[in-house]
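Let me begin by presenting the structure, written as structure tokens, before commenting on it.
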Amino acid sequence: ALRLQDAGACSVVLECVPSNVARVITDALEIPTIGIGAGPHTDGQVLVYHDMLGMTSHPHHEHFVPKFCKRYARVGDAVAEGLEQFKQDVKGGSFPGEEFSPYKMTEAEEVAFDNLLAQDAMNREQSKDVAARRLKEEDEYESLNLYGGSSNGNDNDNDNDNGNGSDNGDNNTK
């Protein structure tokens, strides 16, 4: 610790150190000591907030909370419940409903928007197909067939050979 101080450290963290050792180190240094599992004799204290607030709610986590950590709350259970409810609402179609879709167009804006969409519908569909082919070609998982097959049942989407040695240009896209 003295060498760290001499090297220019602005503070030292003492982690999992017996309290009496932390006291001796703290007394010997001019720079502050910060303790995590080092007892009350350091200049400051720190805890991992996930541990001290109980943010992780998986049952195995109880086995990994450090012995020196005091739990001040159990917010992980509330977080897990909230995430599960969100998932169920989205899957069930109840979120987002109209209540949580506050941005609206006037009727005239909707008509203008629909007209613009109709004008370039074919162009947008072609652009989407081109982008899908490009992204599929760039996707190493897709090209290596790591997804476990293709969307058309053919296990090799990249094989465009029509049997006569020429490419028929029929690329399947997702």
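The values are calculated or read from the model by the stated rules, or taken from the named source; none is laboratory data. Note that the structure is predicted; figures quoted are calculated from it, not measured. So basically every Cβ, Gly included, is an ideal-geometry build from the backbone, and we count neighbours across all protein chains shown. Side chains included, ligands, DNA and RNA excluded: accessible areas come from the protein's heavy atoms. Shrake-Rupley method; radii C 1.70, N 1.55, O 1.52, S 1.80 Å.
Things worth noting here:
- For the stretch 74-121, the spread of Cα positions along each principal axis, largest first, Å: 54, 21, 15
- Given charges at beta-carbon only (K, R positive; D, E negative), |dipole| of the stretch 60-139 in Debye: 760 debye
- Convex hull volume per residue for the stretch 6-66, taking Cα atoms only, in Å³: 91 Å³
- Think of a 1.4 Å ball rolled over the protein heavy atoms: the stretch 37-102 then has 75 Å² of accessible area per residue.
- With the whole protein complex present, TYR49 retains an accessible surface near 120 Å², based on a 1.4 Å probe.
- Eligible lysines near LYS91 by straight Cα distance, threshold 23 Å, same-chain separation 8 or greater: LYS174
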